Amino acid sequence: MGEMAKLLLVEDDTSVRTTVSTFLEMEGYQVEVASSTGAAFKRLAEERFPIVLSDIYLDARTGLDVLNEARRLNPDCAVILMTGRGSMETVVSATRGGAFDYIAKPFDLDTLLAVIRRAEASLEAEDEVAEENDLPESEMIGSSAPMVELYKLISRVAPTDSTVLIEGETGTGKEVVARLIHKNSGRSHMPFEAVDCGAVASSLLESELFGALRGSFTGADRDRVGLLEAANKGTVFLDEVGDVEPGFQLKLLRFLQEREVRPLGANKARKVDVRVISASNRSLQDQVKDGKFREDLYFRLNVVRVVLPPLRERHGDVALLAHFFLKKYNEAYRLEARFHPSAMAALEAHAWPGNVRQLQHLVERMVVLCEDGRIRAEQVNASLQTTTELGITATGSLADLATEQIRRVLDATHGNKAKAARILGIERKTLYRKLAKLTE
Ligand SMILES: Nc1ncnc2c1ncn2[C@@H]1O[C@H](COP(=O)(O)OP(=O)(O)OP(=O)(O)O)[C@@H](O)[C@H]1O
Ligand SMILES: [Mg+2]
């Protein structure tokens, strides 16, 4: 399938060039070669290479020039430099120029392969960041009665400085609401800082929120401003606050009472002015009853409570949301998919345990995969069957994914595997395994 990264190899020594390119091709890479900086510059101008592998001493120009040109044309490009005459100076300039890595010749081919694999992994990580950024920020679709009630509540609460607790099942739009509240408040021009308390290791949560002075713990090599301070005059969003460990719950409580932060290692506290919005997909009150969440903290967070209704209780909104996402993904992928009336009926009949997020992923997937530009009930039902509520397919059904489908999705996403995996409804690791099999 040729979906492994495309590489440009710049090397003037014919035997090294042949050995390296033959080896990498056998490993499944698509390799293009250039034997001079001139040829390399020409290819770089013509095409985006995610990875460039270049010798340093070439001709009138060097691998450092290749590095600069490659990164100028494509800032995400991972450039790996190789040389037999390495010096401190070249290593320093390579690092300064943003080289991904630097290897000394002679190297064994497995070392080279390991470096390339690391470069690929870092590119994938960047893909993922890009993916997160393209979610709508504060657009709320829905005109059902419970949503109208919600809008009324948000518009009343937003302009005040009150602390808000947002509850609702997964995928109901809690983060969207938090951003909407901020956007409609007097703080809208100040920062909105979100922290996912469930994802940050509790040992790091303190420095993440309160900051740390240089040297205050191992690994703290410079002062770090905590999010509470970074959000000064703005809003801080404590997502998944129910996951905060008991020890840290007390620190949060203190903060809410005193509105002061003392970075780790600092001896003075500073006043901050932030509005606190928190969210949880489980009832915090139940957590209090189970003894997992401090009641005093719960009272501090729950000044105003906003409860998001599950999608199955929003009559009429499924159709609105489905059309909204249809338009969004048609535009994103330059397609013109449409719903057949039977599809809409199938969508409306579903219970949506993963709520809006599940519907969003399903529509994205169907837009990309539908064969003749028409999305029909059969496709809806088939897609619903293979995905769980979070949009991830059980691994077993991977065999059902036709190569053709994978190819279509990779085409639509321009080879972005993180995105492709999401649309296909499989985990990224699974997609890699599948791709590796196909290239065997
Ligand atoms: N009413 C809505 N209109 C448009 N898009 C929405 C709406 N509600 C949610 N979304 C979209 O659905 C996805 C999930 O929303 P969000 O991240 O806010 O959910 P959540 O309640 O925080 O879920 P979780 O508890 O799993 O974190 C996002 O891509 C968001 O943009
Ligand atoms: Mg969320």
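Details
- Hey, Gly198 over 22 Å from Gln257 (Cα atoms), out of contact with any Asp or Glu (no Cβ under 8 Å at 6 or more places or on another chain) and within 11 Å of ligand 2 (Cβ to nearest atom) or not: no
- Odd one out for Tyr298, checked against (1) modelled with pLDDT of 90 or more; (2) under 29 Å from the mean Cα position of the chain (by Cα); (3) among the hydroxyl-bearing types (Ser, Thr, Tyr): (2)
- In the set (1) within 16 Å of ligand 2 (Cβ to nearest atom); (2) more than 22 Å from Ala199 (Cα to Cα), the condition left unmet by Leu321 is number (1).
- You will find that of Glu32, Glu69, Glu25, the residue that is free of Cβ contacts under 8 Å to residues at least 12 places away in the same chain and either surrounded by fewer than 16 Cβ atoms within 10 Å (Cβ to Cβ) or within 34 Å of the chain's Cα centre (by Cα) (or both) is Glu25 and no other.
- Residue match in the range 145-166 (condition: near ligand 1 (Cβ under 9 Å from one of its atoms), out of contact with any Asp or Glu (no Cβ under 8 Å at 6 or more places or on another chain) and modelled with pLDDT of 95 or more): yes
- Any hit, the range 104-115, residues being more than 11 Å from ligand 1 (Cβ to nearest atom), surrounded by 12 or more Cβ atoms within 10 Å (Cβ to Cβ), assigned to a loop (DSSP other than H, G, I, E, B) and at pLDDT below 90: yes
- Residue tally, condition surrounded by 14 or more Cβ atoms within 10 Å (Cβ to Cβ) and modelled with pLDDT of 95 or more, over the range 262-282: 8
- Subset of the range 170-193 [within 10 Å of ligand 1 (Cβ to nearest atom), on the phi < 0 side of the Ramachandran plot and either buried (at least 22 other Cβ atoms within 10 Å of the Cβ) or not acidic (Asp, Glu) (or both)]: Thr170, Thr172, Lys174, Val176, Val177, Ala178, Arg179, Leu180
- Flag for Leu205 being assigned by TED's automatic domain parsing to the domain that holds Val176 and either closer than 30 Å to Asp290 by Cβ or aromatic (Phe, Trp, Tyr) (or both): yes
- In the range 47-62, the qualifying residues are those that are free of Cβ contacts under 8 Å to residues at least 60 places away in the same chain and assigned to a strand (DSSP E or B), and the one that is surrounded by the most Cβ atoms within 10 Å (Cβ to Cβ) is Val52.
- For the range 232-258, a residue qualifies if it is more than 16 Å from ligand 1 (Cβ to nearest atom) and among the aromatic types (Phe, Trp, Tyr), and the qualifying residues are Phe248, Phe255.
- Of the numbered criteria (1) in contact with a helix residue (DSSP H, G or I) (Cβ under 6 Å, 6 or more places away or on another chain); (2) surrounded by fewer than 18 Cβ atoms within 10 Å (Cβ to Cβ), the one Gly291 fails is (1).
Yes or no, residue by residue, for (1) within 16 Å of ligand 1 (Cβ to nearest atom); (2) more than 28 Å from the chain's Cα centre (by Cα); (3) of a type outside the set (Val, Ile, Thr):
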{"position": "Ala266", "(1), (2), (3)": "no, yes, yes"}
{"position": "Ser280", "(1), (2), (3)": "yes, no, yes"}
{"position": "Gln287", "(1), (2), (3)": "yes, yes, yes"}
{"position": "Gly291", "(1), (2), (3)": "no, yes, yes"}
{"position": "Val304", "(1), (2), (3)": "no, yes, no"}
{"position": "His315", "(1), (2), (3)": "yes, yes, yes"}
{"position": "Phe325", "(1), (2), (3)": "yes, no, yes"}
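- Qualifying residue in the range 224-245 (condition: aromatic (Phe, Trp, Tyr) and more than 16 Å from ligand 2 (Cβ to nearest atom)): no
- Any hit, the range 67-86, residues being among the acidic types (Asp, Glu), at pLDDT 90 or above and in a loop (DSSP other than H, G, I, E, B): no
The values are calculated or read from the model by the stated rules, or taken from the named source; none is laboratory data. Just so we're clear, the structure is a prediction, and the values are computed from it rather than from any experiment. FYI the Cβ positions are ideal-geometry reconstructions off the backbone, even for glycines, and counts take in every protein chain you see.
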